[in-house]
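Some notes on the structure that comes next.
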Amino acid sequence: MIASAMTVLFVPGNRPDRFAKALASGAGAVIVDWEDAVAPADKIAVREQCAQAWPSVPPADRARLLLRINAAGTPWHAGDVAALPALAAQGLTTVVVPNAASAAALAPVAAALGEGGALLPLIDSAAGLHAVPQTAHPTPLARLLIP
């Protein structure tokens, strides 16, 4: 379903009160954003906020709920990746990976998400564009996002 979504709506990850409204908007998918929409001081707390809010989302809607984590090389990336297995156990299936510039950077995210999960690498740099032949083939890949 996510691979065919034509519209996406972003919602700040530290505003779980907005998840239901975003899902009701008619968007094909809703991206819960831990990256740009969350201030640096809130980036650790957002993980727990989402872990507490995720079960309140009806199971049918969870398939349309994606998560954008912080990019590799940021101080929050490892913690975001470490939080993925718990969210995957609650129905998270797709992770948006910003600044995807290598297949090697995607591998730990895919492993943390687990079998049945999918990645949406965000190609938003020249390095990422140059690496598309490699990043386009990791398993599992839903689609590439190129702004």
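All of the numbers you see were taken from the coordinates with simple rules; none came from a lab. Fair warning: this is a prediction, and the values are worked out from it, not measured in the lab. Because the Cβ atoms are built from the backbone with ideal geometry, glycine has one as well, and the counts that use them run over all protein chains shown.
A few remarks follow.
- Couplings 3J(HN,Hα) of the stretch 51-67, computed from phi: 4, 6, 7, 3, x, 7, 7, x, x, 5, 7, 4, 5, 9, 9, 10, 10 Hz, in residue order, whole Hz [Karplus 6.51 cos²θ - 1.76 cosθ + 1.60, θ = phi - 60°; x for Gly and Pro].
- Segments 84-92, 98-106 sorted - mean Cβ within 10 Å per residue, highest first: 98-106, 84-92
- Radius of gyration and Dmax over the Cα atoms of the stretch 17-126, both given in Å: 13.2, 39
- Each residue of the stretch 107-117 was assigned a 3J(HN,Hα) from its phi angle through the Karplus expression (A = 6.51, B = -1.76, C = 1.60, θ = phi - 60°), giving 4, x, 5, 4, 5, 5, 6, x, 5, x, x Hz with x at Gly and Pro.
- Peptides 49-58, 110-119 ordered by packing proxy, namely the average of other Cβ atoms within 10 Å per residue, highest first: 110-119, 49-58.
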